[in-house]
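Step one of this worksheet: look at the structure below.
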Amino acid sequence: MASPLPLQGSITALVTPFRDGKVDEGAFRALVQRQIAAGTHGLVPCGTTGESATLTTAEHVRVVEICVEVTQGRVPVVAGAGANETGKAVELVRAAQAAGADAALVVTPYYNKPSQEGLFRHYAAIADGCDLPVVIYDVPGRTGVTLAVDTVARIAALPSMIGIKDATGDLGKASQMRQACGEGFILISGDDPTALGYLAHGGRGCISVSSNVAPEACAAFQNACLAGDYATAREWQGRLIALHGALFLDNSPAPTKFALASLGLCSEEVRLPLAPCAEKARPAVLEAMRLAGVTA
């Protein structure tokens, strides 16, 4: 399905800030405003980086509502809506639509490791049960399963399926999917370090963790890529590559929240079973922020 959305560029996988065990709505509003002011092209609340696995359904819906409310249509909001039970995923997609999101991001079911046919039927049921545009999400490092190219092509032919967040790190797969799904199907990287190569293969942007911390630099990088100015893009990549690595020196999003806390933007609090960023990782995060031009 060709996308009706201008979904491209630097799309931030937003953290969900907590304070004393609860969602810090004020901090979240400020983070959304900061992203838009920095030139970010789109926002993803309640994705992996937003600790969606530990949010209650009520919290999940509220975070999406706040993001839509603050954004006011200035950039697309692609709400995380994945679950490893198909009925729950349908429920979350419908809730995202009711909240006013522009699209939903639906991860492949995790833990139960469905077959390729099961994966197709999962997304087919979502297409049948909802009419909100859907970006499918392939992240085998977290889910234990990956989408084959021919399965992606089958899903792409379903109503409402507009694109994929590809966090496999397999650059060749991007070209294969572009050929199999057609130019109208949006290919979005879900892996900051390899996003430069992914865009060269036909991707249109990146759902980024690093853009939480360095939104201006990530937006400038993506703008250069979209303009075909890969010389400038490589310069930005050089500034950002250390940050891309440092934010995964401990379980994500703990290092990202530590970075944001060092900027005074939110608490570094994460929810169990995650723990705060390890002390040994913190100096590298701060140095990577300096190299990226991010200072308090």
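FYI, it's all coordinate maths here, none of it is from the lab. The shown structure was predicted, so the numbers you read here are calculated from the model rather than taken from an experiment. Cβ: placed from backbone, ideal geometry, glycine included. Neighbour counts: every protein chain shown.
Overview of results
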{"read-out": "Environment charge of residue 149, counting only residues whose C-beta is closer than 14 Å and scoring Lys/Arg +1, Asp/Glu -1", "value": "-1"}
{"read-out": "Of 113/165; 165/280; 88/280; 22/113; 173/257, those spanning more than 29 Å from alpha-carbon to alpha-carbon", "value": "165/280; 88/280; 22/113; 173/257"}
{"read-out": "Cβ-based charge dipole, the chain, positive-most Cα from 167, 242, 258", "value": "242"}
{"read-out": "Sorted by Cβ density within 10 Å, fewest first, the residues 165, 280", "value": "280, 165"}
{"read-out": "Ranked packing of 142-155, 226-239, most packed first, by mean Cβ within 10 Å", "value": "142-155, 226-239"}
{"read-out": "Difference of contour (0.36 nm per residue) and Cα-Cα distance, residue 131 to residue 279", "value": "48.7 nm"}
{"read-out": "Ordering of 208-218, 77-87 by burial proxy (mean other Cβ atoms within 10 Å per residue, highest first)", "value": "208-218, 77-87"}
{"read-out": "Expected 222 nm ellipticity per residue - DSSP helices of 4 or more, -39500 (n - 2.57), all of the chain, to 500", "value": "-13500 deg cm²/dmol"}
{"read-out": "Stretchable slack from residue 286 to residue 37, in nm (0.36 nm times residue separation minus alpha-carbon distance)", "value": "87.4 nm"}
{"read-out": "Distance in nm between pseudo-label sites at residue 261 and residue 175 (7 Å out along the Cβ direction from Cα)", "value": "4.4"}
{"read-out": "Rounded, prolate or oblate (a/c below 1.5 giving rounded, otherwise prolate when a/b exceeds b/c) for the stretch 9-230 by Cα gyration tensor", "value": "oblate"}
{"read-out": "The stretch 9-230: relative contact order as a whole-number percent, Cα under 8 Å and 6+ apart", "value": "20"}
{"read-out": "Whole-Hz ³J(HN,Hα) from phi, Karplus 6.51 cos²θ - 1.76 cosθ + 1.60, for the stretch 197-203, glycine and proline x", "value": "x, 5, 5, 5, 7, x, x"}
